[in-house]
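First up is the structure itself, then whatever we jot down about it.
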Amino acid sequence: MTSELKLTAKDFKSDQEVRWCPGCGDYAILAAVQSFMPELGIPKEKIVFVSGIGCAARFPYYMQTYGMHSIHGRAPAIATGLAVSRPDLSVWVISGDGDALSIGGNHLIHALRRNVNIKILMLNNQIYGLTKGQYSPTSEQGKVTGSTPMGSVDYPFNPLSVALGADATFVARALDTDKPGLTSVLRRAAAHQGTAFVEIFQNCNIYNDGAFDFVRDEKENRLYLEHGQAAGETGITHDETDFATAFALSRVTFATHGVVPLGVFRDVERDSYDELVSAQLANAKGTGDLASLLSGGDTWSIQRG
């Protein structure tokens, strides 16, 4: 990081009009991210935001950094190519629950298992907002929407459990309106070497208003996790390095325990995909002499029948 670089939140605000519905939780998340970015001490031209499709996907327009509004569900794949080819960049993925866990589910889990050096912020409002309120992979069973008029029969995904099941090395959760908690998680995610997956509860006040009121408005229901400390009255002592502990806490919900765990669930070290690819390329690198390559029997042969 460059300590001499002095940037402010204003430096990360683009000249584009922010066009989300008034009252949308995305505004709070955007403000928190813009306020946090100066902490990185990284020039704006070394930061990239990649998104897919959906309300959350407008994020890159509003960040005064490089960015790409890409293809539905494919942001992790595009970010992987960018991170591997440009290890000097800080690469952030912005996605929604539908974008990340439906059409993008395959790309998400493979980015997580590979441990690509990217930060994935998944804004979860438990609904499809941009396409007018259809149920999403995180919508609760029985959810009545335009696409499920008699109630959804699907069992919903638990995003944290999915990420942990894919062996993600960093998994966390935060709230849109909890700026201190969200900033703390962003700080930890940015410092992590490898894929950092952060689920952010985000209110869609048009199609799913109040979905998280039990934890957004009722702060006593928030359970902030601390490594090495008892996780409330769950009977679990939190250990960020232990998979079983992290997974057990990912199953703690308001319905089961009357609280919602927030903060970092898992944070472990493992070689990143970028580092492994770079090492492999360095090991395989030859002289660059194409003629020698084509005529050298050790590396090139033609089988004749």
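Need the failing condition index for Gly41 against (1) over 26 Å from Asn205 (Cα atoms); (2) in contact (Cβ under 8 Å) with a residue 60 or more places away in the chain; (3) more than 19 Å from the chain's Cα centre (by Cα), just the number.
(2)
Take residues that are surrounded by 18 or more Cβ atoms within 10 Å (Cβ to Cβ) and tell me which of the helices (runs of 4 or more DSSP H) falling wholly in the range 184-268 contain 3 or more.
Values: elements: 213-216, 243-250, 254-257.
So the answer is 243-250.
Select the strands (runs of 3 or more DSSP E) contained entirely in the range 53-147, then report the ones holding at least 2 residues which are aliphatic (A, V, I, L, M). Before you say what the answer is, go through the steps one by one.
Numbers: elements: 66-69, 90-96, 119-124.
Filter on the range 53-147 gives 90-96, 119-124.
So, of the residues in the range 81-129 that are under 30 Å from Lys143 (Cβ atoms) and of a type in the set (D, E, K, R), which turns out to be surrounded by the fewest Cβ atoms within 10 Å (Cβ to Cβ)?
Going residue by residue through the range 81-129, those that are under 30 Å from Lys143 (Cβ atoms) are 92-113, 119-129.
From what is left, the residues that are of a type in the set (D, E, K, R) are 97, 99, 113, 119.
Working: Asp97: 27, Asp99: 31, Arg113: 15, Lys119: 22.
Among those residues, the one meeting the criterion is Arg113.
Can you tell me which residues in the range 168-183 are surrounded by 21 or more Cβ atoms within 10 Å (Cβ to Cβ) and either of a type in the set (Val, Ile, Thr) or assigned to a loop (DSSP other than H, G, I, E, B) (or both)?
Ala168, Thr169, Val171, Asp176, Asp178, listed by residue number.
Select from the range 245-280 the residues that are within 23 Å of Ala111 (Cα to Cα), of a type in the set (Val, Ile, Thr) and in contact with a Leu (Cβ under 9 Å, 6 or more places away or on another chain) and list them in ascending order.
Val264, the sole residue that qualifies.
Condition first: small (Gly, Ala, Ser) and surrounded by 17 or more Cβ atoms within 10 Å (Cβ to Cβ). Now tell me which residues in the range 10-30 satisfy that.
Gly25, Ala28
Name the residues in the range 19-39 that are among the small types (Gly, Ala, Ser), closer than 19 Å to Asp97 by Cα and not in a loop (DSSP other than H, G, I, E, B), would you?
Scanning the range 19-39 gives a single hit, Ala28.
Among the residues of the range 141-155, is there at least one that is modelled with pLDDT of 95 or more, crowded, with 16+ Cβ neighbours inside 10 Å and of a type in the set (Phe, Trp, Tyr)?
For the range 141-155, residues modelled with pLDDT of 95 or more, crowded, with 16+ Cβ neighbours inside 10 Å and of a type in the set (Phe, Trp, Tyr): absent.
Answer yes or no: is there a residue in the range 195-210 that is farther than 23 Å from Lys132 by Cβ and touching a Ser or Thr at 6+ places or on another chain (Cβ under 7 Å).
yes
The values are calculated or read from the model by the stated rules, or taken from the named source; none is laboratory data. No experiment lies behind these values; they were computed from the predicted model shown. Ideal geometry is used to build each Cβ from the backbone, glycine not excepted, and the neighbour counts take in all protein chains shown.
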